[in-house]
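S.K.: One structure, pasted below without further comment.
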Amino acid sequence: MEDEKAARKLASAVPPYLSFKTFKGFIDGLKVGIPTRIDRTVLSSMSGATQGQLMAALRYLGLVSSDALTTETLSSLVNSEGAEYQRTLATLLKEGYPFLFKDF
């Protein structure tokens with residue numbers, strides 16, 4: 001079942017490119033409060049290209065819905081620290097990019 005889910009996700013979506021530093025900075029910035037909706041108004045300090053890349057990554061990883069509403073997964077990632085943060089991020093990346101971890 002998991003392999004089938006991963007295969008469908010891989011076939012239907014192209015993984016976004018975004019620097020990890022930008023992603024981590026955004027996640028860290030949400031520690032003061034997570035809005036219910038993340039759109040370009042929340043990302044106004046970023047360039048338009050970076051806004052688009054970040055929104056694509058958030059959707060692809062399931063951190064926001066197609067309507068840009070935040071998910072429980074985003075909340076879990078933002079509110080975790082230390083080893084828990086590492087486990088949450090690892091799970092998120094392995095689910096989002098299974099082709100990178102296939103032969104590891």
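S.K.: Take the Cα atoms of the chain, find their three principal axes, and give me the spread along each one in whole Å, biggest first.
M.R.: 38, 30, 22
S.K.: Same structure again: Percent of accessible area on the chain owned by carbon and sulfur, 1.4 Å probe?
M.R.: Result for the chain: 56 percent of the exposed heavy-atom area is carbon or sulfur.
S.K.: Please name which of 36, 48, 70 has its Cα lying farthest along the dipole of the chain towards the positive end, using unit charges on Cβ (Lys, Arg +1; Asp, Glu -1) and the Cα centre as origin.
M.R.: Value: 48.
S.K.: Shifting gears a bit: Using a 1.4 angstrom probe, figure out how much accessible area the chain has per residue, in square angstrom, rounded to the nearest whole.
M.R.: 65 Å²
S.K.: Okay, moving on. Can you tell me how much longer the chain between residue 67 and residue 14 gets when fully stretched, taken as 0.36 nm per residue apart minus their C-alpha distance, in nm with one decimal?
M.R.: That pair, residue 67 and residue 14, stretches by 17.2 nm at full extension.
S.K.: Could I have the simple spin-label model distance between residue 45 and residue 90, label points 7 Å from Cα toward Cβ, reported in nm to one decimal?
M.R.: 3.1 nm
The values are calculated or read from the model by the stated rules, or taken from the named source; none is laboratory data. Since the model is a prediction, treat every value here as computed from it, not as a measurement. No Cβ is skipped: glycine too gets one built from the backbone with ideal geometry, and neighbour counts run over all protein chains shown. What goes into the accessible areas is simple: the full protein's heavy atoms, side chains included, and nothing from ligands, DNA or RNA. Shrake-Rupley method; radii C 1.70, N 1.55, O 1.52, S 1.80 Å.
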